[in-house]
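One structure is given here, and the rest of the page talks about it.
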Amino acid sequence: MNIDKVLIIRKKRWGKIILLTIFLTIIIPVLYLLIWAFNSGPDVTYRVLVNCCDSDIDDYKRYPGRTLVAVDTPFLFGENIENQILPDKVELKGKDDIHTEGLIESNDTIAFLVIKDDVMVYEKYYQGHSFDSVSMAFSATKSILSVLIGIAVDEGLIKSIDQPVSDYIPELKDSGFENVTLKSLLQMHSGINYIENDDPFGEHVLFNYTANLRKAIYNLKTLKNHSDNFVYRSADNAVLGLVLDRALKGKTITQYTQEKLWEPLGMEFDGIWTLDSESDGLEKTWCCLSATARDFAKFGRLYLNNGNWNGKQVVSREWVNESLTGAFDSATWPISELTTGFDNYGYQWWLCSGNREDYMARGKNGQFIYVNPSMKTIIVRLGWSEGTLSHEDWENLFVAISENIN
């Protein structure tokens, strides 16, 4: 074989290799993206590309929403913040004694409130935020939906949490939801085929960015032969949100929140429920209630007082007790499903570890509404992120503060 033929064969081989490389690295990914964009729709595609699959506490500014209107005469906590009472130092696992205020400020906090016996003993804001700054609660919103579900049960709008989902959303009857109860959604052991992560092509991102949330919910299915183990899924809450929407029969979740919570609790500032779209929008109940730190603290006060607000039973004591009763013994949970620092889960409320009775609403990037009944203390921490602290570190900090303030 002469040298010219060898060169021709080598060129053909290199040409095939180059074509194959282009096909694998460019054409297939582009086709995949086009198929994903077609299936997801233009709204999801645009929102994912613009936001790079990320979200933050200012998301309420970027999407459609309904306003919750502040009352004319708001409830105000007493104030004794001249001395800004906090323990000087705290001990956190694996760390030396740390100055408390420095720890809070240096870990991306924007708001930190401590309320004891109905008196605000500490209130500070950081990074340009102030007492009237609104920010998104992320998954701490789930606990607030739980309160609304409880009120709807009290009023008979929802007959029982032992009802199957398909009683309210018949569109899901053939997807396994005739065997999923509202209670299993509240406790997050529904068996919905939904993975909670930030994969831009996954269900969770689709739910966050879709302009047709109802359609996304209709497409959900349950896993075959699923166990009753706890698995954290925002889809469980999204389905609950649609159940409430149906139960309200024409009234929006925002209107119901205004009537049953915003006004009775004397909210000082306007809040916002983020929607999937402007037209006939559905509230994103798993993530997207935005309010000020002071007003978030009032949800903690409502539960601290067993659902009673200055003599009015806003939500029944029975519901509060049920929603703060863990569904599972932590020893029976799969280790992979446990969340560090927490032993149990109620009706969309996190029950803290150990033999204590404290609990919290908790959201992405360190949004916390912490309640310690034995110490009659409420702590609200909002932030851009959790900083260098883990969930367990924040919990330990809240406990230390609760046990060491006068």
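The values are calculated or read from the model by the stated rules, or taken from the named source; none is laboratory data. Since this is a predicted model, take the numbers as computed values, not measurements. Ideal geometry is used to build each Cβ from the backbone, glycine not excepted, and the neighbour counts take in all protein chains shown. Side chains included, ligands, DNA and RNA excluded: accessible areas come from the protein's heavy atoms. Shrake-Rupley method; radii C 1.70, N 1.55, O 1.52, S 1.80 Å.
Key figures for this structure:
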read-out: For peptides 234-246, 202-214, 165-177, sequence by mean Cβ density within 10 Å, most packed first; value: 234-246, 202-214, 165-177
read-out: Percent RCO, i.e. relative contact order, over the range 224-296, from Cα pairs under 8 Å lying at least 6 residues apart; value: 31 percent
read-out: Relative counts (whole %) of C-alpha pair distances in the range 67-215, using bins that are 10 Å wide; value: 8, 22, 27, 23, 17, 3, 0
read-out: Accessible surface, 1.4 Å probe, highest first, among residues Asp56, Asp358, Asp154; value: Asp154, Asp56, Asp358
read-out: Point-charge dipole on Cβ atoms (K/R +1, D/E -1) for the range 200-310, about Cα centre, debye to 20; value: 360 debye
read-out: Cα-centred dipole magnitude for the range 58-140, charges only on beta-carbon of K, R (+1) and D, E (-1), debye, nearest 20; value: 420 debye
read-out: With 10 Å bins from 0: P(r) over the range 94-138, alpha-carbon pairs, percent; value: 22, 46, 27, 4
read-out: Check: the range 96-247 dipole with +1 on Lys, Arg Cβ and -1 on Asp, Glu Cβ, in debye; value: 800 debye
read-out: Net lengthening on full extension, Leu223/Lys93 (0.36 nm per residue, minus Cα-Cα); value: 42.9 nm
read-out: The range 116-233 - percent relative contact order, Cα under 8 Å, separation 6 or more; value: 20 percent
read-out: Leading residue at positive end of dipole, the range 233-325 (Cβ point charges), from Ser316, Phe269, Tyr256; value: Ser316
read-out: Subset of Lys61/Lys260; Lys215/Lys249; Lys159/Lys249; Lys173/Lys251; Lys116/Lys298 violating a 22 Å alpha-carbon distance limit; value: Lys61/Lys260; Lys173/Lys251
